[in-house]
1. Hey, among 37, 4, which residue is in contact with a strand residue (DSSP E or B) (Cβ under 9 Å, 6 or more places away or on another chain) and surrounded by fewer than 11 Cβ atoms within 10 Å (Cβ to Cβ)?
2. Does the stretch 39-46 contain any residue that is under 26 Å from residue 1 (Cα atoms) and outside any helix (DSSP H, G or I)?
3. Answer yes if at least one residue in the stretch 12-29 is part of a loop (DSSP other than H, G, I, E, B), within 28 Å of residue 61 (Cα to Cα), at pLDDT 90 or above and touching a strand residue (DSSP E or B) at 6+ places or on another chain (Cβ under 9 Å), and no otherwise.
């Protein structure tokens, strides 16, 4: 598995996608409950961190050594 900015447009490994999607779903739920509970600071912080996490997860790619 490789990590770096050059890996952004390459396919992301399935295991990384699963983890990133799970964290994004949990963050959306926490953000929604925080907005509903009138705690906007926590909601915005959690949603921004979820977006950053999803961006970082796209920087992983499979090794090119498959011959």
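1. Matching residue, one of 37, 4: 4.
2. no
3. yes
The values are calculated or read from the model by the stated rules, or taken from the named source; none is laboratory data. Fair warning: this is a prediction, and the values are worked out from it, not measured in the lab. Here Cβ is always computed from backbone atoms with ideal geometry, including for glycine, and neighbour counts include all displayed protein chains.
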